[in-house]
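Visitor: Below you'll find the structure I mean.
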Amino acid sequence: KRANFISRWGSYHGVCPTTLALGGHWTRRKWFEACFATCFQHVEPCYAYRNCEAEEATGEYVKRLVKGFEDKIDELGASTACAIVVEPIVGAALGCAPYEPGYLVTLWELCDKYGILRIFDEIMCGIVLTGTMYAWQHEHVVLNIQAIGKGLATGIQSISAVLVGPKVVTAFEKDNEKLSHGHTFQAHLLGCAAGLEVLRIIREKDLVKASGRMGDISKKELNQRVGRHRSVGDIRERGLFEGEIFLTCDQVEFVQDKKKKKTFPSGGRDPYTITSRLMDNGGMSKHHRIYVYPCTGRADGKDGDGIIIAPALAVTEEDIILLLRELRL
């Protein structure tokens, strides 16, 4: 009966038909839309740089976004709504777009009101990458299901996991049901060993604290060195965000006009050219243990370019400064 899932445009939850349908990544969806089920619905993302009105306070913006979810629930029928699915901080699909203060808490309250599950996709932003172990911990909410992945073994091995809360576990135990599904390489010993070792190092070296500290340094240096550039519309970060085997940080979004936030036409400020000057053939910056990669289509799926600057947790302040000296926009 509760079959409908509500997620957001501009999100990305995976490449198989089900998760493509759940996600709202315009360019990746378009080839497969004829295959999508109708139980996946979408609302406006939390993307304050482009979608918050000039005279709209943060609290008002959050209320408007959450009302969009509630309106969708009413449209579908509350008794048919299964879950709300969000990336607390969106990855490359929206260029590290963070949630606004109060957003996750207000969503939490909405889900409780209608008895809907809260599902957070932290494949990209989870595991130390935002100054806390998980990105949602900045708002101290409680969730029912959480996906984690890339930071779990930092690219040493392929591993991801689904964390399930008491409400979901109890539902299976109550009915004595089994979830008889799996994957060929599920619980692979090497992946599990790598994940456990990464978690041990995070704990023993207090890397959660280090992530927040280096994120603060990175944002400060970025704002000082490129923030006033005529083509830099926005710099976004929280702690050290995540990309590939690297625990990342900052998105720089390019615009023709800062006041109007007007994007460049496709290729007008080519992020691939900018990043290629900084990277070796493996994608790492040439000297400084930092991964830099291009983003396109942030504004509307086609236009809206930027770059993500992605340091490893082992990065130093000197590494960041050296990279930014070489950054040519």
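Where a number appears in this text, it was derived from the coordinates with a stated rule and is not lab data. These figures come from a predicted structure and were not determined experimentally. In this analysis, Cβ positions are derived from the backbone assuming ideal geometry, glycine residues included, and neighbour counts consider all displayed protein chains.
Visitor: For K30, give me every one of the lysines with a C-alpha distance below 17 angstrom, ignoring sequence neighbours fewer than eight places off in its own chain.
Guide: Cα-Cα hits under 17 Å: K302.
Visitor: Here is a further query. Using the per-residue mean of other Cβ atoms lying within 10 Å as a proxy for protection, in what order, highest first, do the peptides 167-176, 217-226 fall?
Guide: 217-226, 167-176
Visitor: Indicate the gyration tensor shape class of the chain (rounded, prolate or oblate), computed on the Cα atoms with a ≥ b ≥ c the square roots of the eigenvalues: a/c under 1.5 is rounded; otherwise a/b larger than b/c is prolate and the rest oblate.
Guide: oblate
Visitor: Next up: Quick check on packing: order 320-328, 89-97 by the mean number of other C-beta atoms within 10 Å, highest mean leading.
Guide: 89-97, 320-328
Visitor: How much of the DSSP bridge set in the chain is antiparallel, in percent, rounded to the nearest 5?
Guide: 60
Visitor: Per-residue counts of other Cβ atoms within 10 Å, averaged by peptide: what ranking do you get for 28-37, 120-129, highest first?
Guide: Values: 28-37: 11.5, 120-129: 26.5.
In decreasing order of mean packing, 28-37, 120-129 become 120-129, 28-37.
Visitor: Additional query: Which whole-number percent gives the relative contact order of the chain, counting Cα pairs below 8 Å spaced six or more residues apart? Walk me through the numbers on the way to the answer.
Guide: On the way: 654 pairs, mean separation 47.0, N = 329.
The normalised contact order for the chain reaches 14 percent.
Visitor: Quick one: angle between helix 58-76 and the longest Cα principal axis of the chain, in degrees between 0 and 90, rounded to 10, please.
Guide: For 58-76 against the chain, the angle is about 40 degrees.
Visitor: Please list the non-local residues whose amide H lies under 5 Å from the amide H of Y291, H modeled 1.01 Å from N, same-chain partners needing a gap of 5 or more.
Guide: S285, A310, A312
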